[in-house]
1. Only bridges whose two residues both fall in the stretch 4-285 count here: according to DSSP, what percent of them are antiparallel, nearest 5?
2. Between the stretch 206-232 and the stretch 31-65, how many Å separate their Cα centres?
3. Equivalent-ellipsoid semi-axes (√(5λ), Cα gyration tensor) for the stretch 1-143, whole Å, largest first?
4. Quote to one decimal, in nm, the extra length available between D42 and A287 on full extension: 0.36 nm per residue of separation minus the C-alpha distance between them.
5. Using only the alpha carbons of the stretch 1-73, determine the length spanned along each of the three principal axes and report them from longest to shortest in whole angstroms.
6. Sequence gap at least 6, Cα distance under 8 Å: using those rules, report the relative contact order of the stretch 163-298 to the nearest whole percent.
7. Taking the Cβ of each residue in D156, D275, D150, D186 as the centre, tally the other Cβ atoms inside 10 Å and list the residues starting with the fewest.
8. Residue-wise, which Karplus ³J(HN,Hα) couplings in Hz belong to the stretch 56-64, taking 6.51 cos²θ - 1.76 cosθ + 1.60, θ = phi - 60°, and x for glycine or proline?
Amino acid sequence: MSLRISNLGPADHGGFVGEVDGIDITEPLAAVQVAALEAGMDRYAVLVFHGQDFTDQEQMRFSQYFGALENTTGGNITKPEERRLPAGMADVSNLDQSHKPYARDDRRRMFNLGNQLWHSDSSFRAIPAKYSILSGRITVDEGGNTEFADMRAAYDALDARTKAEIEELVCEHSLIYSRGTLGFTDLTEQERAMFTPVRQRLVRTHPVTGRKSLYLSSHAGTIIGWPMPEARAFLRDLNEHATNPRFTYAHRWRQHDLVMWDNRTTMHRVRRFDDTRVRDMRRTTIAGDAPTVAQEAA
Ligand code: OGA
Ligand code: MN
């Protein structure tokens with residue numbers, strides 16, 4: 001059984017989603033398989049696997065072929081003693097420790113609703129994430145799609161004047177901004193300190209392919225040196241452009257799907273669903289290797 005990657009589209013721009021066959025990720029991978037998946041990630045940016053039934057330990061082992069796992073602390077408001085999953089796994093479900101959906105007004109639920117905004121994982125960290133690897137352990141059959149947008153194609157489609165204007169721009173990213181957009185401002189002093197904004201370039205260059213992409217995210221709240229309303233209005237425009245349907249793909253989950261994406265070149269969001277239903281999604285995140293811009297001293 002050898003590994004194959006086929007183009008899932010979308011047809012415009014040559015496709016940025018690949019479907020992987022001929023691999024069982026519960027088995028140790030050979031170097032050629034890892035290289036083929038890395039090359040697939042560089043060519044596409046999103047890879048979809050079906051029928052992958054594995055444990056948390058197996059997910060973490062698979063993930064570490066692509067780099068070190070990101071430390072999950074500082075990414076949400078769930079207290080360490082309330083964690084449902086082992087350290088190293090990000091809990092993207094709607095479940096509490098006893099595996100029950102959160103109450104409607106639970107602040108952890110309200111905070112996690114931020115995943116319905118287009119974002120790039122961990123853009124609020126000084127060293128943002130490389131890949132995310134999301135496993136659908138229990139999926140819902142209505143709603144709950146995850147959508148992806150190709151930020152390389154979105155960049156390429158900008159006019160020359162806009163490209164020149166944004167080339168050196170730096171944004172400030174924080175979970176305070178993304179949650180603030182939804183009117184969720186109920187944060188403790190400690191949480192606010194944990195979510196201190198970081199700086200990110202607005203245009204990134206992929207280290208392997210050399211392709212440029214727009215580095216947008218719901219966490220981006222302003223542009224350094226710009227008046228806030230002007231920055232917000234411009235970022236909205238760029239987001240509207242970048243998430244035009246011709247740059248996007250919707251993943252409809254089946255149980256035991258695994259989806260892997262490059263956060264440096266894509267955004268994603270989850271669509272609304274009936275979250276009195278169990279949706280058990282577990283993510284591992286591969287750490288990036290450098291900041292996108294020098295950070296201001298804390
Ligand atoms: C994530 C995320 C979307 C989803 O895992 O980073 O945003 O479908 N999840 O739950
Ligand atoms: Mn995410």
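No lab work stands behind these numbers, since they all come straight from the coordinates. Note that the structure is a prediction, hence the values are computed from the model and not measured. Methodologically, a virtual Cβ is constructed for each residue, glycine included, from the backbone with ideal geometry; neighbour enumeration extends over all protein chains shown.
1. Taking every DSSP beta bridge with both residues in the stretch 4-285, the antiparallel ones total about 90 percent.
2. Value for the Cα centre distance between the two parts: 28 Å.
3. Sorted largest first and rounded, they come to 28, 18, 16 Å.
4. Roughly 86.6 nm would be gained on extension.
5. 37, 34, 22
6. On the way: 119 pairs, mean separation 38.5, N = 136.
Relative contact order of the stretch 163-298: 28 percent.
7. In increasing order of surrounding Cβ atoms, one gets D186, D156, D275, D150.
8. With the stated coefficients, the stretch 56-64 comes to 4, 4, 5, 5, 5, 5, 4, 4, 6 Hz.
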